[in-house]
1. Which one is surrounded by the fewest Cβ atoms within 10 Å (Cβ to Cβ), of the residues in the stretch 190-216 that are over 25 Å from residue 240 (Cβ atoms) and within 16 Å of the chain's Cα centre (by Cα)?
2. Quick check on the stretch 222-239. Is at least one of its residues without any contact (Cβ under 8 Å) to a residue 12 or more places away in the chain and farther than 24 Å from residue 70 by Cα?
3. Could you figure out which of (1) within 18 Å of residue 234 (Cβ to Cβ); (2) touching a helix residue (DSSP H, G or I) at 6+ places or on another chain (Cβ under 7 Å) isn't true of residue 163?
4. Counting only residues that are surrounded by 18 or more Cβ atoms within 10 Å (Cβ to Cβ) and in a helix (DSSP H, G or I), how many does the stretch 217-228 have?
5. Pick from 217, 236, 264: which is modelled with pLDDT under 95 and closer than 24 Å to residue 119 by Cβ?
6. Restricting attention to the stretch 180-216, which residues are assigned by TED's automatic domain parsing to the domain that holds residue 280 and assigned to a helix (DSSP H, G or I)?
7. What number of residues within the stretch 152-185 satisfy the criterion of being in contact (Cβ under 8 Å) with a residue 24 or more places away in the chain, in contact with a strand residue (DSSP E or B) (Cβ under 9 Å, 6 or more places away or on another chain) and closer than 13 Å to residue 136 by Cα?
8. Just for helices (runs of 4 or more DSSP H) wholly inside the stretch 110-155: which have at least 1 residues that are touching a helix residue (DSSP H, G or I) at 6+ places or on another chain (Cβ under 8 Å) and loosely packed, with under 13 Cβ neighbours inside 10 Å?
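The values are calculated or read from the model by the stated rules, or taken from the named source; none is laboratory data. None of the values given here were measured: they were computed from a predicted structure. Here the Cβ positions follow ideal geometry from the backbone for every residue, glycine too, while neighbour counts run over all protein chains shown.
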């Protein structure tokens, strides 16, 4: 991974009085980057964009991904309190912590495509799927945290939860555990959090999975933590170009809920149809906002 220049927000070099500390700071940055590479085994290779072109066009949230790859960003300048340290060893330690926190925050809030989890980590994850699934079926936060502390290296890569681990949480509709990792403030998580806009190795996002499982509560939770409803599936392992809304509508049309609940008016009222309509409504809202913004221009053309 290319070592990035230490610059401030205005793009000016950050100077230190002691040249030796410049070298030590660079060493601290390289150590953190090497640690990240050893953890996630991935960089932005072959000129790969952090977002698919379509997803980039659709995304207007001003996320850091629009500026640079969250897996290889420019490092932040040392905090003034760190800059003022006289001990070189303490400076390296504190600045390393600052960079790790910066990377965890950035990667937890950016759109990330493709999945950066090492293949080896993905393969080893299957050995904890059984016990993890049991904890998620109960939606037990204590059990989940116990498993996390024991198998952290299989659930976290690059300072954030792997899409594979979070996908299992979403699949089980484990709302308490999902909120725990999306929030990322539990001390036992050591600053690690889940990203609701991190694509899986299969080419879909968490919101697609929530729509697939008809979990309106999970959809609401993901939207509350910044999941984007306009991100599309991509890759050769999935039907490309699908929004979460497409998944919800297609599955609804094929689902037995409609067959069971649209037989007569009574079953329509007390069945699951309202539940399905709520799911579609939630996923429609972001698109409805886009359509409403175009209505004035459409009206002008018609008149």
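1. Restricting to residues being over 25 Å from residue 240 (Cβ atoms) and within 16 Å of the chain's Cα centre (by Cα), the top hit is 191.
2. Yes, there is a match, as at least one residue in the stretch 222-239 is without any contact (Cβ under 8 Å) to a residue 12 or more places away in the chain and farther than 24 Å from residue 70 by Cα.
3. Failing condition for residue 163: (2).
4. Count: 5.
5. Going through 217, 236, 264 in turn, just one is modelled with pLDDT under 95 and closer than 24 Å to residue 119 by Cβ: 236.
6. If the condition is that a residue be assigned by TED's automatic domain parsing to the domain that holds residue 280 and assigned to a helix (DSSP H, G or I), then 206, 207, 208, 209, 210, 211, 212, 216 are the ones that fit.
7. Looking only at that region, the number is 3.
8. Numbers: elements: 119-124, 126-137, 141-150, 152-155.
Ranges flagged: 126-137, 141-150, 152-155.
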